[in-house]
Structures are given as C-alpha cells and as structure tokens.
Amino acid sequence: MTTIRLHNTKTRRKEDFVPIDPANVRVYCCGPTVYDRAHLGNARPVVVFDVLFRLLRHVYGADHVTYVRNFTDVDDKINAKAAETGRPIRDITEETIAWYHADMDALGALRPTHEPRATDYIAQMIAMIQDLIARGHAYAAEGHVLFDVRSFADYGQLSGRSVDDMIAGARVEVAPYKRDPMDFVLWKPSSDDLPGWDSPWGRGRPGWHIECSAMSFELLGAGFDIHAGGIDLQFPHHENEIAQSCCAHPGAGFARYWLHNEMLQVEGKKMSKSLGNFFTVRDLLDKGIPGEVIRFVFLQTHYGKPMDWTAEKAAQAKATLRKWRGLVAGIEPAPSPAPAVVAALADDLNTAGAIAELHALTGDPAVLKASAALLGLLDDAMGDWAAAPAVDLSAHAAHLAALREAAMQSKDFAAVDAMKAALMAAGVEVRMSKAGVELLPGPGFDAARLPGLC
RNA sequence: GGCGGGUUGGCGGAGAGGUUACGCAGCGGAUUGCAAAUCCGUGAAGACCGGUUCGAUUCCGGUACCCGCCUCCA
C-alpha cells in the first residue's frame, strides 16, 4: 500500500501518515463563514484538500474516507449583513451556501461527506461548554462563558507561542470579566435583535471556535486523523479548538495530523479590499476563466508555499489544459493512475511534482487521463470550455484545397494566402500538408468572420 | 515585539549531497509553396556570507530582502 507522508504542523516535520482506522480515515477541514461570495483565497484550501481527499480515497478506498467541512452560519459578519440589508439571516446563509456549492463545484471539488452547519449543533455546543465548566476549564461571567487558557498546559503548542509571549504582544481585548487576557469566548449573550439560543447562561450564541470542536466530535469522534485549514487559522482558531477538544475529551488526542495551506497572493501582493485586487471565484468564472484553469494554477504551487495568482499563469494553464484535453478526447481512462503521479502526491501532496509527471504522460492519453483524475483535472464533466465549436468547415477546406492545388501549378499563392489569412482571422487553425487541408476552429473562433466562398 | 513561510535559469516551478527536473518562451534543425501543428536537438540557475564534506543549489549557522499570522477581511 502507498505510504502517504504529510507535513504535520503540530510537529513541524514530515511524517508517515498512519490512520487510526484504515477502514474509516477521518478528515476535518474548516469551512467558510457564509455571509458573502467566496473569494479566491477561500478556494485554495478547498482545492488543495480536495486533492488530499481524492488521494486518501485512492489509497484507502472511496468508501473508507470521511471528510467533514463545516459551514459557519452564526457569526457577527452575518448579523451585520442582515442588519445592513434587512434580510433574514437564514436567507443570507442559504443563498451563500448555494453560491459556495456552485463555485466550488466549478473548481471540480468533490462535495465532502458531511457539511454540517453550526446552527444545527447548538445543543451539542452547549453540552460541551457545560462539560468544560464542570471540568474546571471554563467559567461563566456576566452572561459570557470563557475558556480558561491557564487551565490547559499545552495552550500555544500548535502555533509555537506561550501565553506570556502573546500577552506581551498585547493586542487582545481587555475585558474586565476575563481571568486572563488570553481567555476566549465559548458563549456570549445576544441582545434581542441578534440570533440567540436559550442556555444555562441566558439567551446567547456560541463563540467562533466551539462549533468545530463540537461538530468534529459528533461526526468524527474525540480522536481523528487529519485537521486541515488555512495557516491563518493556526492561531487562534485551531489553538482554541485543541484547547476545547483536548480538555473536553482528555486522552483522545483530538486531531493527529494538522495540515495548513499557505496564503494566496495576487500579482505578488496580498489580496485585500484596500489594495483593490480583491476578487471572488465567481468574478473569475464570469470573466471566462474556467474553474479547471483556476484549479490547475493552484496545484502548480505546493500548498505549503505562498501562491501567487497571475493572469499570465492562468493563460499558460489554459493552453496546457487545452492541449491535454485534445489528447484525451474520447479516450477511456486507464484502470489506474501512473505510479509516479501517486508517489508525488503521497509525498506531502506534491501537486506541482505530480503535474510534471503528467507532462511525461502525454504519449499515453489513457494513463494521462486516469492520473489527472487524482488531481481533479481532465474530468469529462468540466471540459465544456475546451470543446471545439461544432461547425462544419468542410466546404471551406475543400475550397482552400482547390485554390492551393491551382496555385501549385500557377506558382501564384496570393489567393491561397488571402483565404488562409481570413480563416486565421476568424480563429481557425489552418493546417496544410501534402496530405491535404485541415481546418480546426480554435479558442477564438468566430463564425461571423468566416470568409465567403466565391 | 512574538510566531511562521519564501528567495532556483527570460518567466513559472520541483526533486535529489555528486548524474537532464519539468512546462512556457528563446535558439537550431526536420517538415511546409509560406505558415501552423508536430517531431528532434539546444543554451541558461540556485539572494548573500561563513561552516560541515572529497564534493552543497541540496545539510548547519548567520545576513539581507519579500510575504503572512498575531487585528474586520483566509
């Protein structure tokens, strides 16, 4: 069996991946807060960990992997949007989830096994918070419940920080009811105009981190294999999840392997609203950049390195994929992918290396197609963008062939060159060889610009 | 201030302590009426300074610069 190696953020080294139960490999990935369209940066972990999902399914069997990615549908950003627009919260989250699905589907990401919503697990969160209080790791104060970071000796271990260092950095909210400035909220009170649930501490809503602890426990158990997400979540989100889960379920170990993807940049700079280079996945799709092209660009960079999105990369990726799609058109995929591609992916998801191996497979389209599938590429379902326009150019081809034949005799190629130029201007690729004339509508084909046949 | 990532040939981007990465572009050739497509061949690298080593772009230490997280935006 293939041994997968993964860089574990928790230990800061590459380790052999040994699942707790090979018959049920369990992965949790932090999903989006659903208040707006997913931007390009949101898509990187989705694509990267989709490849992990595919690899695990390949190695352990499609029915032996459970992949959970949550929707955060209770959050102050959602509340703010509701207040701003006057729309019900449920409308906003439903609409945003539908957008998210459509956009991530377009990127060729498989749907996770479970996509739990935070609001469906409020009771479980309350139970976990009660348990944490009972165990002496949390305390209620002024309608809030706070996690006591000093009660968990390993707090800061994942991100390599100590509580004292962080306080020295001093950018934490100073609330009078906190025992320690680093204590974070498990539960907070809601005013009447905000979403809230009844709890032992009054009407309120959960803090951000508790949902992932509660939902991963419900769906994957107290100990599971892999926890994934963006490196920006390493602190405080994942640190706090660990604190909550390890204190609520001592000895279970929570997640064994932590995978974090580095951030995305745009043309060398951070994508941000203030720099004006902020855009969504949908913006790119609407601009005619196929989801498969976005996916290819993402996978050209190892997930652990910052990735730079550039228009140039998108153009090159599109050309490569177009070429490959030409090779595999109508080909049945081979029964299994190339071992070199599997080996590259098994080496800490070396997607760039895997793509290099795909280049070596262009002589064997069936294996190329089967191997590309592990990366979620060259799938029939997402190839419409590369399909040649269905047009019959045989009359043009015959006409051009006739002109050419005459020119061969007369040595005057003016008419041939004129027609060739006109065809090329219409986006047709013109191939003339001793075998004859071949016309292929290209990417920029425009039937309206085809030359007449006179 | 604390923590983390990066720096490879014109561009993108990997692996490996010693042997060609790969892709795109370029150049040369085959082919073509000319092209296109295709095929063959080919030059070009490892931020800087030290150390370990028979040998380092690859390991170790330091410097510089870029980027991110710690703060609403991933």
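Where a number appears in this text, it was derived from the coordinates with a stated rule and is not lab data. Please read these numbers as outputs of a predicted model, since none were measured by experiment. Every residue, glycine as well, gets a Cβ built from its backbone with ideal geometry; the counts of neighbours run over all protein chains shown.
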Radius 13 Å from Cβ of A:Phe217, net charge of other residues (Lys, Arg +1; Asp, Glu -1):
-3
Just want the ordering: A:Ile331, A:Ile231, A:Ile129, from fewest to most Cβ atoms lying within 10 Å of their own Cβ.
A:Ile331, A:Ile231, A:Ile129
So the angle from the long Cα axis of helix A:394-410 to the longest Cα principal axis of chain A, reported in degrees to the nearest 10, equals 40
What 222 nm value per residue comes from the helices of chain A, counting each DSSP H run with n ≥ 4 as -39,500 (n - 2.57) and dividing by all residues, nearest 500 deg cm²/dmol?
-12000 deg cm²/dmol
If amide hydrogens are placed 1.01 Å from N in the peptide plane, which non-local residues have theirs closer than 5 Å to the one on A:Tyr257?
A:Ile226, A:His227
Shape call for chain A, from the Cα gyration tensor axes a ≥ b ≥ c (a/c under 1.5 means rounded, otherwise prolate when a/b beats b/c, else oblate), comes out prolate
Any idea what the dipole of the range A:278-328 comes to, in debye rounded to 20, about its Cα centre with Lys/Arg Cβ at +1 and Asp/Glu Cβ at -1?
200
Size of electric dipole in chain A: Cβ of Lys, Arg +1 and of Asp, Glu -1, about Cα centre, debye, nearest 20:
980
Could you go through the range A:201-210 in sequence order and give the Karplus-derived ³J(HN,Hα) for each residue, using 6.51 cos²θ - 1.76 cosθ + 1.60 with θ = phi - 60°, rounded to whole Hz, and x for Gly and Pro?
10, x, 6, x, 9, x, x, 5, 7, 5
Calculate the dipole size of the range A:1-142 relative to its Cα centre from +1 charges on Lys and Arg beta carbons and -1 charges on Asp and Glu beta carbons; express the result in debye to the nearest 20.
680
Under 28 Å Cα to Cα from A:Lys287, which lysines show up? Leave out anything in the same chain fewer than 8 places away.
A:Lys77, A:Lys81, A:Lys269, A:Lys270, A:Lys273, A:Lys305, A:Lys313, A:Lys318, A:Lys323, A:Lys369
Folded to 0 to 90 degrees: helix A:89-106 orientation relative to chain A principal axis, Cα:
40
In Hz, Karplus ³J(HN,Hα) per residue of the range A:348-355 (6.51, -1.76, 1.60; θ = phi - 60°; x = Gly, Pro):
6, 6, 7, 5, 5, x, 5, 5
Based on alpha-carbon centroids, what's the gap between the range A:35-97 and the range A:137-153 in Å, whole number please?
29
Among A:Leu219, A:Leu6, A:Val428, whose Cα projects farthest towards the positive end of the dipole of chain A, with charges put on the beta-carbon of Lys, Arg (+1) and Asp, Glu (-1)?
A:Val428
Test of understanding: ordering A:Trp324, A:Trp385, A:Trp187, A:Trp258 by Cβ neighbours within 10 Å, fewest first, what list do you get?
A:Trp385, A:Trp258, A:Trp324, A:Trp187
Tally Lys and Arg at +1 and Asp and Glu at -1 over the other residues with C-beta under 14 Å from the C-beta of A:Ala397: what net charge comes out?
-1
For a quick protection proxy, order the peptides A:405-416, A:388-399 by their average other-Cβ count within 10 Å, most packed first.
A:388-399, A:405-416
Gyration tensor on Cα atoms of the range A:84-140, a ≥ b ≥ c root eigenvalues, a/c under 1.5 rounded, else prolate if a/b beats b/c, else oblate, says oblate
